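Notes follow the structure.
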Amino acid sequence: MNTLTILIVFLGAATVGLSGFVAYKLFIQHSKMLGGGKKLTSALVYMLIGEACLGAGTLAFAVMAHTGHLPNVPIPIQSLLRLTMFLATALTTAHLYMVIKNLRDD
């Protein structure tokens, strides 16, 4: 079980780091762009940040569960954290969809 947990933590941290790194690189590229490409890279940056939030929250819950600390976190706080994670992902995905739709319609 320890090997599995170590693998989850390693992959979770790598995923969050990769989302943040790619968001940063896209943001740098975004600052040099114009028009539709600028709108698309902006939406992708937000979506990657939302993905990093979801990944970080999932990683935190996995670590807390493994270390036995999760029962110490009140259920309303756990629910609020999960709601925040899913809202960040849902809103940034919906934003990306609207940007793509608007670009297609132009």
Is it fair to say Ala94 is without any contact (Cβ under 8 Å) to a residue 24 or more places away in the chain, closer than 25 Å to Leu7 by Cα and of a type in the set (A, V, I, L, M)?
no
Test: Gly55 is buried (at least 18 other Cβ atoms within 10 Å of the Cβ), at pLDDT below 95 and either in contact with a Gly (Cβ under 8 Å, 6 or more places away or on another chain) or among the acidic types (Asp, Glu) (or both):
yes
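Here is a yes/no grid of residues against (1) modelled with pLDDT of 95 or more; (2) assigned to a helix (DSSP H, G or I); (3) of a type outside the set (Ser, Thr, Tyr):
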{"site": "Ala60", "(1), (2), (3)": "no, yes, yes"}
{"site": "Val63", "(1), (2), (3)": "no, yes, yes"}
{"site": "His66", "(1), (2), (3)": "no, yes, yes"}
{"site": "Pro76", "(1), (2), (3)": "yes, yes, yes"}
{"site": "Phe86", "(1), (2), (3)": "no, yes, yes"}
{"site": "Thr89", "(1), (2), (3)": "no, yes, no"}
{"site": "Thr93", "(1), (2), (3)": "no, yes, no"}
{"site": "Met98", "(1), (2), (3)": "no, yes, yes"}
{"site": "Leu103", "(1), (2), (3)": "no, yes, yes"}
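Go through Ser19, Ser79, Ser42 for me and flag whichever is out of contact with any helix residue (DSSP H, G or I) (no Cβ under 7 Å at 6 or more places or on another chain) and of a type outside the set (Val, Ile, Thr).
It is Ser79.
Test of understanding: among Leu18, Leu80, Leu40, which residue is within 29 Å of Val99 (Cβ to Cβ), part of a helix (DSSP H, G or I), at pLDDT 95 or above and over 15 Å from the mean Cα position of the chain (by Cα)? Lay out the reasoning, then the answer.
Numbers: Leu18 fails: over 15 Å from the mean Cα position of the chain (by Cα); Leu40 fails: at pLDDT 95 or above.
Answer to the selection: Leu80.
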The stretch 58-92, residues that are among the polar types (S, T, N, Q) and either farther than 30 Å from Gly35 by Cβ or exposed (fewer than 15 other Cβ atoms within 10 Å of the Cβ) (or both)
Thr58, Thr67, Asn72, Gln78, Ser79, Thr84
In the stretch 1-51, what count of residues is obtained for those that are surrounded by 14 or more Cβ atoms within 10 Å (Cβ to Cβ), small (Gly, Ala, Ser) and either at positive phi or in contact with a Ser or Thr (Cβ under 9 Å, 6 or more places away or on another chain) (or both)?
3
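The values are calculated or read from the model by the stated rules, or taken from the named source; none is laboratory data. Predicted model only: the values in this text are computed from it and were never measured. Positions of Cβ are backbone-derived with ideal geometry, glycine not excepted, and every protein chain shown enters the neighbour counts.
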